[in-house]
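The block underneath contains the structure these notes are about, expressed in structure tokens.
Only the coordinates and a few stated rules stand behind these numbers; no lab work does. Just so you know, these numbers come straight off a predicted model, no measurement behind them. In this analysis, Cβ positions are derived from the backbone assuming ideal geometry, glycine residues included, and neighbour counts consider all displayed protein chains.
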């Protein structure tokens, strides 16, 4: 069986993932922006959260600081090793493919952030993932996830970027569109052999249709942008202005 491209990429990327993404501010994204938005839809602090595609656990600390109990899952065991360092004994972790997500329990919040679902390349993959997320929602629980916008693929996946941090350097080499809706980039550097990243662009309408197919009621779709060091959410999203589209739903 052919190896999953996302698994291959992140098994290799895990060792330097946090350094490469050192500028990503999850306290600003999640703690100061997304959680207050979720409270508008009835979320209460300090419940149970399931982080699907948790990666190295960058979302854990904003949640732990607010009293959340966390279950994390990710496709990559190497990423989960880093996540265990981040969450410690306070976070339960399990390797899982979000397209075949176990039922871990009933959660007040299910989240899948930082374009995790864009790595789902197959036609039915998003529906399968959303079915699993829905199965883990408690009554009145909320689901939040994001996808990269068309702007992100037009820029990040079509250009070359260099990242330097603490004496190491890497190159993100966007290759653009390699198949209908599939975009490719490669990361290489002084501590990293070239790694292929494939993502599928999923427009807002396609995502909303998938949510409705599995019985998730959309509550909001929001554009995410940044200005003067602050994250801005706007409705409706603008694929030409916003770098992500954030979806909130409930069963």
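When the helices in the chain are scored as -39500 (n - 2.57) per DSSP H run of 4 or longer and the sum is shared across all residues, what 222 nm value do you end up with, to the nearest 500 deg cm²/dmol?
Rounded to the nearest 500, it is -6500 deg cm²/dmol.
Evaluate 2.2 N^0.38 Å with N set to the residue count of the chain, then give the Cα radius of gyration divided by it.
In units of the 2.2 N^0.38 Å rule of thumb, it is 0.95.
Mind computing the radius of gyration and Dmax over the alpha-carbon atoms of the range 152-251? Å is fine for both.
16.5, 48
Take the alpha carbon atoms of the range 89-125, find their center, do the same for the range 178-251, and report the distance between the two centers in whole angstrom.
16 Å
Just want to confirm a number: the relative contact order over the chain, from Cα pairs under 8 angstrom separated by 6+ residues, in percent.
17 percent
From zero up to wherever the largest Cα-Cα distance of the range 1-66 sits, split into 5 Å bins and tell me the percent of pairs in each.
Percent of pairs per bin, in order: 4, 13, 22, 21, 15, 11, 9, 4, 1.
What is the packing order of peptides 82-89, 163-170, 37-44, taking the mean over residues of other C-beta atoms within 10 Å and listing the highest first?
Ranked from most to least packed, the peptides come out as 82-89, 37-44, 163-170.
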